[in-house]
1. Quick one: is residue 23 surrounded by fewer than 16 Cβ atoms within 10 Å (Cβ to Cβ), within 23 Å of residue 115 (Cβ to Cβ) and at pLDDT below 85?
2. Kindly establish whether residue 38 is under 19 Å from residue 117 (Cα atoms), assigned to a loop (DSSP other than H, G, I, E, B) and in contact (Cβ under 8 Å) with a residue 24 or more places away in the chain.
3. Can you confirm whether segment 54-69 contains a residue that is touching a strand residue (DSSP E or B) at 6+ places or on another chain (Cβ under 8 Å) and in a helix (DSSP H, G or I)?
4. For segment 106-115, check the following and say yes or no: at least one residue is assigned to a strand (DSSP E or B) and either at pLDDT below 95 or within 29 Å of residue 21 (Cβ to Cβ) (or both).
5. Any idea which of (1) assigned to a strand (DSSP E or B); (2) exposed (fewer than 12 other Cβ atoms within 10 Å of the Cβ) is the one residue 31 doesn't satisfy?
6. Taking segment 7-20, which residues are in a loop (DSSP other than H, G, I, E, B) and either modelled with pLDDT of 70 or more or surrounded by fewer than 10 Cβ atoms within 10 Å (Cβ to Cβ) (or both)?
7. So how many residues does segment 55-74 have that are closer than 21 Å to residue 41 by Cα and in contact (Cβ under 8 Å) with a residue 24 or more places away in the chain?
8. Can you report the number of residues in segment 63-89 which are within 15 Å of the chain's Cα centre (by Cα) and surrounded by fewer than 17 Cβ atoms within 10 Å (Cβ to Cβ)?
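The values are calculated or read from the model by the stated rules, or taken from the named source; none is laboratory data. No experiment lies behind these values; they were computed from the predicted model shown. FYI the Cβ positions are ideal-geometry reconstructions off the backbone, even for glycines, and counts take in every protein chain you see.
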């Protein structure tokens, strides 16, 4: 494989391996590597947003590790405990979870039980 061109054909299975996220060949993958949330020190920031949401209130948890699996599990757990809907996002530099409604007190208690320090 030349340094300028793309891999067209190879019998080496390591070169033919595909990224599970973007389905590109691993050597040409542009995905960001997953961060292990247990090894990263972080503080979750709680805030309430109403702007650009049609007057509805949303509790936003910001400055979380950018790990898809971690955010998905945490979001699912918070939605079940709060009894409301929500979503998570890995856009930008940090992970973000949005829970519908003003659930700051419930979320603060749940995150402290998980051992996650909380501001806001």
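1. Numbers: surrounded by fewer than 16 Cβ atoms within 10 Å (Cβ to Cβ): yes; within 23 Å of residue 115 (Cβ to Cβ): no; at pLDDT below 85: yes.
No: the conditions fail for residue 23.
2. It is false that residue 38 is under 19 Å from residue 117 (Cα atoms), assigned to a loop (DSSP other than H, G, I, E, B) and in contact (Cβ under 8 Å) with a residue 24 or more places away in the chain.
3. If we filter segment 54-69 for residues that are touching a strand residue (DSSP E or B) at 6+ places or on another chain (Cβ under 8 Å), which is where we start, we get 56-67.
Now narrow it down to the ones that are in a helix (DSSP H, G or I): none.
No, the conditions are met nowhere in segment 54-69.
4. no
5. All conditions are met except number (1).
6. Pass one, segment 7-20, residues in a loop (DSSP other than H, G, I, E, B): 7-12, 17, 19-20.
Within segment 7-20, 8, 9, 11, 12, 17, 19, 20 meet the criteria.
7. The total comes to 13.
8. Residues that pass the stated criteria total 9.
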